[in-house]
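Just so you know, all these numbers are worked out from the coordinates, no wet-lab data involved. As the structure is a prediction and not an experimental result, all values here were calculated from the model. No Cβ is skipped: glycine too gets one built from the backbone with ideal geometry, and neighbour counts run over all protein chains shown.
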Amino acid sequence: MPKTIYISVDFEGATGIVSPRQVTMGQSPEFERLRQRWQADVDALVQGALAGGADRVLLNESHGTMINLMADHLPAQVEFISGRIKPDLHMCGVDSGCEAAFLFTHSGAGIHHEGVLAHTFINEFYRVRINGQTVGELHMNAALAGYHGVPVALVVGDEQTCREGREALGDVLCVATKRGLDRYAAWMKSPNVTQRELWEAAAEATRNASRFAPFRFVSPVEMEIEFLAVTAATASSFIPGVKRTGPRSIAYRHEDYRTVYHMGWIFQLIAQGNYVQQDRL
Ligand SMILES: [Zn+2]
């Protein structure tokens, strides 16, 4: 069977990125400059995976509009998924045919002052808990890979992201692209250095893909979301099976983690609705 490496590519974790205007398409000329920087990091991961023995690399875009990738120069072994809405969202396309997953992500298990642009899926989610424990996208995306029996072999982001990755996943390779000084400030190395580190880690993770273990949540899985807005909790609680647990929070429980993950996406859409936005605290 061909060795497939799956890469979920978010944006905030890339070398050089510290500000919301650098990650929002069309908002400032800065975006296009940082997009090149981000693409270079993605390319280093792809090239490293191929050098490490991958026969096929599947890239899935997981940031914002999810149409950020500049694909013209991608090698023939690469397939990619762009756009939204799509099944499994940040982990669209991952399945049991993948040898390992890489998460190019950002921190967000709760609000960390050292996590650069830290958030869990959207800023409108103040906190997400799974089975009582605060989690970020890293945990939720790793668990969706684990749902399909796929381990996460490499985590890329700021130092806080790497801490969260090691705490949650144990044996995992991590590359820190920056050290957060605040939510909107970081201490960074030359992109030439981080790019080399990404290439080397991707090659090593691919070579040793079979040593990593899939990450899973215990079933039934209960997800509790604390929103910024009261109205988001009210609207979400109208869905059958969703329980109101506080002024700004709801909980949803299901045997099947993939169903819980998809419900998380529905709660995002509700929280980002125009009417709900007027109620932001
Ligand atoms: Zn993002």
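Condition first: within 15 Å of the ligand (Cβ to nearest atom) and part of a loop (DSSP other than H, G, I, E, B). Can you find one or more residues in the stretch 49-60 that meet it? No, the conditions are met nowhere in the stretch 49-60. Of all the listed residues (266, 239), the sole one being farther than 16 Å from residue 122 by Cα and either surrounded by 20 or more Cβ atoms within 10 Å (Cβ to Cβ) or not acidic (Asp, Glu) (or both) is 239. The numbered conditions (1) away from the ligand (no atom under 14 Å from the Cβ); (2) buried (at least 21 other Cβ atoms within 10 Å of the Cβ); (3) of a type in the set (A, V, I, L, M) are all true for residue 66 except (1). For residue 41, the criteria (1) away from the ligand (no atom under 16 Å from the Cβ); (2) part of a helix (DSSP H, G or I) hold in every case but one, which is (1). Screening residue 160 against (1) free of Cβ contacts under 8 Å to residues at least 60 places away in the same chain; (2) in a loop (DSSP other than H, G, I, E, B); (3) within 16 Å of the ligand (Cβ to nearest atom); (4) of a type in the set (S, T, N, Q) leaves a single unmet condition, (2). Comparison of 69, 34, 58 shows that the only residue that is in contact (Cβ under 8 Å) with a residue 60 or more places away in the chain and not β-branched (Val, Ile, Thr) is 69. If you go through the stretch 8-27 and pick out every residue that is surrounded by fewer than 24 Cβ atoms within 10 Å (Cβ to Cβ) and farther than 18 Å from residue 183 by Cβ, you end up with 2. Picking from residues in the stretch 213-269 that are hydrophobic (A, V, I, L, M, F, W, C) and part of a loop (DSSP other than H, G, I, E, B), the one that is nearest to residue 153 (Cα to Cα) is 213.
So which residues in the stretch 1-17 are in a strand (DSSP E or B) and within 15 Å of the ligand (Cβ to nearest atom)? Give the derivation first.
Initial filter on the stretch 1-17 (in a strand (DSSP E or B)): 4-9.
7, 8, 9, listed by residue number.
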